[in-house]
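Participant: Next up is a structure, given as structure tokens.
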Amino acid sequence: MQQTSSPEDMPIIPQAPGGVRMVAPLLSAGIGLALIAVLAGQRWVDSFAAYFIAITLSALPYMLMGALLSGLMEVFLPPTALAAVTRKAGPWGVVVTALAVPLFPICECGIVAVVRRLVRKGLPLSHALTYLLAAPIINPIVFASTYVAFQDFAHPLLRTLGGFMVAVGIGYLFSRIKPENALIPGFLTDSNGCGCAKDNCEEPENPESRLQAVARHTRMDFLEMIPYFLMGVFIASVMKTFFGDNLMALAERYPIFGPAFMMALAFVLSLCSEADAFPAASFTSFSLVAHTGYLVLGPMLDIKLLIMYRSMFRGGFIVLLAGAIVAGVTAYLALLEVFL
């Protein structure tokens, strides 16, 4: 009689992390393009490679710092700390949440998981929305990377101001909505969903365990960000190589085209806020207002975030939230057009 192996007896085949599996094809494509550049000497390939390499090398250190900061926050800051800071502020809680964001910085790649955990720990929905939208922007590493990308203080300052104004406005706008009307059914009663990426969410106790947890979170966040970033850099490099002159002509002829195009680009590229300024800075023909639209909208609303929002919010609420974000950013850009 033939014996059958139980699942426990089967050999375990190691699986590469999802980020690694996604990066491999992109790196292969990049190596292939580099070989084409060497063998064929095509001018467009040289231009594409220059854009791709320059943007990637400039942004990677900030992505790594952002992942490390996120890991430190996840391990060393208790999930109830933000609620403790903001809950006593009463009607000013939304503003206090936005002002406290630099103390609890995190990029949008991990923001939804953190907000899920905060809401389950009792953070009011309006405060959670404010933190969700402001944290990826009002962030010291994001400020520094935006300054390095554009080499001025106007871009990071206007980005920070826009993130604050839009996040606070949306926090108050949605303050009357009941959590059960915004959150997916069973969200608040689900005891297993702590916002971690694993079932076992016990906090590490000794220093060595904590450092290992920081390293683990940093690695996971970095590998999660890399595929989106490389794909975004790829798209930006293609557009700069093949459509740069046409985009410049449209931006000069139709002033409204610049902000609309850059906001749409931010939505499609779905880049991490620690690195998204570098592709945007390569579009030198666009105005400060157009760049600001990209820098403010991207960390609040993109394709990646829409998918992640679905793990927490109802579909109808996501539509309302997306509309409010677009309207808020557009209103902010209109103010900049008047006063700049």
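Participant: Rank these for me by crowding, 208, 180, 108, going from fewest to most other beta carbons within 10 Å.
Facilitator: Numbers: 208 9, 180 12, 108 28.
Ranked by crowding around the Cβ, least crowded first: 208, 180, 108.
Participant: Same structure, new question: Per residue, how much space in cubic angstrom lies within the convex hull of the C-alpha atoms of the stretch 43-339? Don't jump to the answer; show the numbers that get you there.
Facilitator: On the way: hull volume 37.4 nm³, N = 297.
So the per-residue Cα hull volume is 126 Å³.
Participant: Also: Calculate, in nm to one decimal, what residue 92 and residue 211 gain on full extension: separation in residues at 0.36 nm each, minus their alpha carbon distance.
Facilitator: Working: separation 119, 0.36 × 119 = 42.84 nm, distance 3.60 nm.
Length gained between residue 92 and residue 211: 39.2 nm.
Participant: Based on the mean of other beta carbon atoms within 10 Å per residue, what is the order of 259-268, 121-130, 273-282, most packed first?
Facilitator: Details: 259-268: 20.5, 121-130: 22.4, 273-282: 27.1.
Output ranking for 259-268, 121-130, 273-282: 273-282, 121-130, 259-268.
Participant: Now for a different question. For the pair residue 306 and residue 264, what calculated FRET efficiency results from E = 1/(1 + (r/R0)^6), where r is the Cβ-Cβ distance and R0 = 22 Å, to the nearest 0.05?
Facilitator: 0.95
Participant: Through the Karplus equation 6.51 cos²θ - 1.76 cosθ + 1.60, θ set to phi - 60°, convert the phi angles of the stretch 141-151 into ³J(HN,Hα) values in whole Hz; use x for Gly and Pro.
Facilitator: Rounded to whole hertz, the list is 6, 5, 4, 5, 5, 5, 5, 5, 5, 9, 6.
Participant: Report the paramagnetic label zone for residue 339: residues of the stretch 125-151 whose backbone N is under 19 Å from a point 7 Å from Cα along the Cα-to-Cβ axis.
Facilitator: Only 138 fall inside the zone, counting backbone N under 19 Å.
Participant: Would you please give the residues with an amide H less than 5 Å from that of residue 183, counting only those at least 5 places away or on a separate chain, with H modeled from the backbone geometry?
Facilitator: So residue 183 has HN proximity to 314.
No value in this document is a laboratory result; all are computed from the given coordinates. Note that the coordinates shown come from a computational prediction; the quantities given were computed from them, not determined experimentally. Positions of Cβ are backbone-derived with ideal geometry, glycine not excepted, and every protein chain shown enters the neighbour counts.
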